[in-house]
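Throughout, read-outs are computed from the coordinates displayed, never taken from laboratory work. Not measured: the values here are computed from a predicted model. Cβ placement follows ideal geometry from the backbone for every residue including glycine, while neighbour counts extend to all protein chains displayed.
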C-alpha cells in the first residue's frame, strides 16, 4: 500500500486502497486542560497546515498546554517534553490511572465549569466598578474646584 500526504487530493484515496498519512488537526476535539504561557491553541490552524504528514511519531519538545499533542490523531505515537518538570508530572499523572490525581482534576474541572456561568455577573460588577470610578473621579474634580 502506498502512503501519501493528506491534502486536497486525499479525498477518496482510502477507497482505492491508498493509505493517507494522518495530520495534526487544525481544530481538535479535546482542548488543553491547562493554560500555559506561549500556548499554541490559537496558532494551531497554521501549525497544522505547515506540519508534514505524520508518518512516524510526533515529538513535541515544548508541550506546554498540550494543544499540538491533543491535535495529534490518537493512532500516532507521540512523545511530549517540556523544561518544566512539574508540568510533565501533571501530564504523567493524567495519563496514568492515579485515582486521587484524576479525582482532583475532576474537581478542578467542575470548579471551572461553575465559573463559566458567571459571565453576566462579572460584566455587571465591572460596569458597576466603572460607574463607581467615574463617580469618584467626578466627586474628586468637584471637590478640587471648590477647595
Among the Cα-Cα pairs of the range 24-96, the proportion with separation greater than 15 Å, in percent, is 52
Relative contact order for the range 24-96 using alpha-carbon pairs under 8 Å, separation at least 6, rounded to a whole percent?
35
Given the Cα-Cα distance of residue 105 and residue 128 and 0.36 nm per residue of separation, how much length would full extension add, in nm?
4.9 nm
I'd like the FRET efficiency for residue 95 and residue 31, computed as 1/(1 + (r/R0)^6) with the beta carbon distance as r and R0 of 25 Å, rounded to 0.05.
0.90
Mean Cα-pair separation over length for the range 36-147, i.e. relative contact order, pairs under 8 Å, 6 or more apart, %
17
Mind giving me the nanometre distance, one decimal, between the label points for residue 42 and residue 135, set 7 Å out from Cα along Cα→Cβ?
3.5
